[in-house]
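Here is the structure we will look at.
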Amino acid sequence: DASTTMREPTRAGRPKIDAALEAARSFVARLRFPGDQAAVVVFNADAVLLQDLTENRAALERALSSVVTAEFTRIDLGIDAAHDELRSSRRRPGNTLALIVLTDGHNNPEPVSSAVAAAASAKADGIRVFTIGLGDNVETEALVAMASTPDDAHFTADAEDLAAIYDRIAGVVPCPPSAHWGR
């Protein structure tokens, strides 16, 4: 989520987007290259694939450093863009399909049903969907519906707690035998 509300401060006083990016960097640091792959998609009024699926840690870091916030929260477009990338020819066969959706708000200007439908489509293609609701302005029921299981839906009041959630997700995503999560 790269909406303007992600500029609001955390309990530590920094913008939520900074805490979210730090958590994403921590997640990327746990990936084992070569083998694992990751991509970066941001969404606000539109969705942008900042980095396609890659094993290149530096490229992922550059993508995370280039996130810019803007108005609106099109969760549906973000899921669609990630879904498309996970179905692309860049995905290494045998790698686990997983999608993490972080948001601090409501899907807008479209109804949340469009995000739930996008997640259903991704799940139908075998993608495990994890959702993270940040703050008290999220559509809790919709985020649970978007997640592959109720346990794949995570919630936190403050962005300072995102790294722990990403760490929990990293611990449950199965990887192929040639690559595994480091501890």
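Points to keep in mind about this one:
- The single residue among Ile169, Ile132, Ile127, Ile165 that is of a type outside the set (D, E, K, R) and farther than 29 Å from Ala12 by Cβ turns out to be Ile127.
- A single member of Val129, Val138, Val172 is touching a residue at least 40 places away in the same chain (Cβ under 8 Å) and of a type in the set (A, V, I, L, M, F, W, C), and it is Val129.
- Checking each residue in region 118-139 for being part of a loop (DSSP other than H, G, I, E, B) and β-branched (Val, Ile, Thr) picks out Ile127, Val138.
- Output for region 118-129, where each listed residue is under 14 Å from Leu77 (Cβ atoms) and open to solvent by less than 20 Å² (accessible area, probe 1.4 Å): Ala118, Ala119, Ala122
- Hey, Arg91 over 14 Å from the mean Cα position of the chain (by Cα), at pLDDT 95 or above and within 16 Å of Ala119 (Cα to Cα) or not: no
The values are calculated or read from the model by the stated rules, or taken from the named source; none is laboratory data. This one's a predicted model, so the numbers in the text were calculated from it and none came from an experiment. Every residue, glycine among them, receives a Cβ derived from its backbone with ideal geometry; neighbour counts consider all protein chains shown. Calculation scope for accessible area: heavy atoms of the full protein, side chains included, ligands and nucleic acids excluded. Shrake-Rupley method; radii C 1.70, N 1.55, O 1.52, S 1.80 Å.
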